[in-house]
Amino acid sequence: MSAPPVTVLTATPEEEAAIIAAVRAAPGRTIAGPEHVDGLYALLSDERVSGPIYDLPRPITRDRIAGWVAQSADLQQQGRCILAVNLDEAGEVAGYSRFSIWPERSSGELAGARRADLQNSGGGRQGVTQSIGWMFEVLGLRLIGLTAALDNVRSARAIEGAGFRSMGEVESVKPDGSSRRSLYWELTREEWERLHRL
Ligand SMILES: CC(C)(COP(=O)(O)OP(=O)(O)OC[C@H]1O[C@@H](n2cnc3c(N)ncnc32)[C@H](O)[C@@H]1OP(=O)(O)O)[C@@H](O)C(=O)NCCC(=O)NCCS
């Protein structure tokens, strides 16, 4: 139940087609497949990892995670989603990123988490910045909107550290239909380029 940005952009047909092709290809990312379901289930069963994330299927069971992986793969073929895993040196799932994309709006959103033993290492901010750059430069998006729980200080710091503009609060709708207040930020590609290229 991820939500598109508050600001509405309209992509040209060519831009939309290029974004869909880039999302399907997702260069440089390890796409979650059936072989990662057990690892994702173990990762997300830890409340320190999944607790702050509103758009996960709940309660978290192995079957639900398998369905979420399969659904994300279907959406990727439509150019609307990339569910990627980060693997550690042992090949275990140590984190995930889920990119939601609205190609007709040239817009996207990002959610993700790191395994508890890897949190608070300074890697979160670096990971957010790297993923945001990839969304603008490789997927070709022009706008990214991000949310975080009101008390998620680490996310807020990482998001603002990447240059996002705070735009107050929004109501986020969870997959079960209930809602949660979230902090909300946006960043355009032009702003990103000004921050990181000049
Ligand atoms: C959010 C998450 C990816 C961040 O990764 P991380 O490696 O833990 O984060 P970092 O160590 O890079 O810390 C991020 C920022 O928060 C700051 N921070 C950490 N703990 C803090 C605290 N208690 N008070 C204030 N700031 C704090 C850090 O100093 C850092 O800011 P800086 O880059 O300006 O120095 C990770 O904590 C996580 O997976 N959390 C669970 C899932 C989650 O919340 N996902 C995001 C949903 S929007």
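In table form, for the structure just shown:
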quantity: Answer residue from the range 25-50, given it is surrounded by 18 or more Cβ atoms within 10 Å (Cβ to Cβ) and of a type in the set (Val, Ile, Thr) and is farthest from Val85 (Cα to Cα) among those; calculated: Val49
quantity: Residues satisfying the stated conditions in the range 46-105, i.e. assigned to a loop (DSSP other than H, G, I, E, B), within 16 Å of the ligand (Cβ to nearest atom) and among the aliphatic types (A, V, I, L, M); calculated: Ile53, Leu56, Ile60
quantity: Members of the range 1-24 found to be of a type in the set (Gly, Ala, Ser) and either in contact with an Asp or Glu (Cβ under 7 Å, 6 or more places away or on another chain) or surrounded by 18 or more Cβ atoms within 10 Å (Cβ to Cβ) (or both), listed by number; calculated: Ser2, Ala3, Ala11, Ala22
quantity: Subset of the range 112-135 [within 16 Å of the chain's Cα centre (by Cα), closer than 17 Å to Asp46 by Cα and not aliphatic (A, V, I, L, M)]; calculated: Gly112, Arg114, Arg115
quantity: Complete set of residues in the range 107-162 that are more than 11 Å from the ligand (Cβ to nearest atom) and either in a helix (DSSP H, G or I) or touching an Asp or Glu at 6+ places or on another chain (Cβ under 6 Å) (or both); calculated: Gln130, Ile132, Gly133, Trp134, Met135, Phe136, Glu137, Gly145
quantity: Pairs where the first residue, in the range 119-136, is touching a residue at least 12 places away in the same chain (Cβ under 8 Å) and farther than 17 Å from Val85 by Cβ and the second is basic (Lys, Arg) and near the ligand (Cβ under 6 Å from one of its atoms), C-beta under 9 Å, 6+ apart; calculated: Asn120/Arg154; Arg125/Arg154; Arg125/Arg157
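Every number here is computed from the coordinates shown, using simple stated rules; none is lab data. On a predicted model such as this, the values are computed, not experimentally measured, just so you know. In this analysis, Cβ positions are derived from the backbone assuming ideal geometry, glycine residues included, and neighbour counts consider all displayed protein chains.
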